[in-house]
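S.K.: To start, I am sharing the structure in question, which I have written as structure tokens.
Since every read-out is calculated from the coordinates, none of them should be taken as a lab result. Just so it is clear, the model here is predicted, and its values are computed rather than measured. Cβ placement follows ideal geometry from the backbone for every residue including glycine, while neighbour counts extend to all protein chains displayed.
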Amino acid sequence: MEKINGYIAAPFTPMHRNGDINYDLIPEYAEFLLRAGLDGVFVNGSTGEGALLTKDERMLTAEKWIEASNGRLKVIVHTGGTNVREQQELAAHAEKSGAYAVAAMAPAFLAPKRTEELVEYCKAIASAAPSLPFYYYHIPPLNNFRLSVIDFLKAADGVIPNLAGVKFTDNDIFEFERCRYVAGGKYEMLWGYDEMFLDALAYGNVSGVGGTYNHCFSLYKDMKAAYAVKDMEKCRELQHQSHQFCEILGKYRGNIMAGKRMMKFLGLDMGPNRIPLQTITEVEEKQVKKELEEIGFFDYCNR
């Protein structure tokens, strides 16, 4: 199966003040990411508050991204949730709508306890969109699910025909590296831990999905270029800038909340978060902007 070999942004879901989705902003958002040099979007994931959206909202959001991308961005549609049948509907809809791929994380509630159960769960979703690549989304920092990805890939090999790889969002670089060798390197490993982008480069990784790609993809693009010419000092400098940015995110409740509000500073007002997430206040917004100015963020951010 063809590999992405590129970088995918995890977009926020733009909302109006009343919490309804602002679908009209998606075309402008797509152009913004294309200017930044992104290869695709991972729609309805954790950054996009996918678990807090209704099934109909998720379907229409996917449609709007596919339409706005017009073949220029690879649109990966995340179906993850707790209801397998609903996820199958989302996957089938993504295939019908022209998505590039589908993905799903393990459920955070009533999760599989054994590898074979995880394989059957993913197989059920992947089979609803048989013509599309399927990516398993590993994100234990959010869903606290830690069954071995290596064991999953080995058990799923040949069982899920359209399994393309894994979106790996964890700091366990040891497990990530070993996954890259399962089945002779058959499966694509999409690195999803932006704070350790340089670590992934050291293991030869050339694909990723990032939430902070929305704000400052130039850091990662330049880091990859510097690594190619073995300019490690430049690489470390760029990763440090990423660390400074991520530190501010962490200080204000993370990328889903702080990162969403930061897009306003880049010309795209994403609106509030869905309850129970706590939207950044006006007071916090001013402080966030001040701290971003102090680290020179506006010199390298996406335009």
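S.K.: Size of the dipole of region 7-233 about the Cα centre, Lys and Arg at +1 and Asp and Glu at -1 on the beta carbon, nothing else charged, in debye to 20?
M.R.: Result for region 7-233 is approximately 380 debye, rounded to the nearest 20.
S.K.: Under the Karplus relation 6.51 cos²θ - 1.76 cosθ + 1.60, θ = phi - 60°, what is the ordered set of whole-Hz ³J(HN,Hα) values for region 53-66, x standing for Gly and Pro?
M.R.: Residue by residue, region 53-66 yields 9, 6, 4, 5, 5, 5, 5, 5, 4, 4, 4, 5, 5, 5 Hz.
S.K.: Aspartates and glutamates near residue 234 by alpha-carbon distance under 15 Å, same-chain residues fewer than 8 away left out - which ones?
M.R.: Cross-link targets: 199, 222.
S.K.: Also, I was wondering about something else. Going down the list 224/251; 3/74; 55/96, which pairs span over 21 Å between their C-alpha atoms?
M.R.: Table pairs above 21 Å Cα-Cα are 224/251.
S.K.: Count the net charge of all other residues whose Cβ sits under 15 Å from the Cβ of residue 174, scoring Lys and Arg as +1 and Asp and Glu as -1.
M.R.: -3
S.K.: Could you pull the Cα extents of region 113-266 along its three principal axes, largest to smallest, in whole Å?
M.R.: On the principal axes, region 113-266 reaches 43, 36, 28 Å in Cα extent.
S.K.: Report, please, the projected area of region 7-233 averaged over directions, based on the convex hull of its C-alpha atoms, in nm².
M.R.: Averaging across all directions leaves 12.1 nm² for the Cα convex hull.
S.K.: Still on this structure, please answer the following. Below 12 angstrom from the Cβ of residue 119, what's the summed charge of the other residues (Lys, Arg +1; Asp, Glu -1)?
M.R.: With Lys, Arg at +1 and Asp, Glu at -1, the net is -2.
S.K.: Under 12 Å from the Cα of residue 260, which aspartates and glutamates turn up, not counting those fewer than eight places away in the same chain?
M.R.: 49, 269, 285
S.K.: Ok, one more. With viscosity set to 1.002 mPa s at 20 °C, what whole-number translational diffusion coefficient in µm²/s follows for region 166-205 from Stokes-Einstein and a Kirkwood radius over Cα pairs?
M.R.: So the translational diffusion coefficient is about 213 µm²/s.
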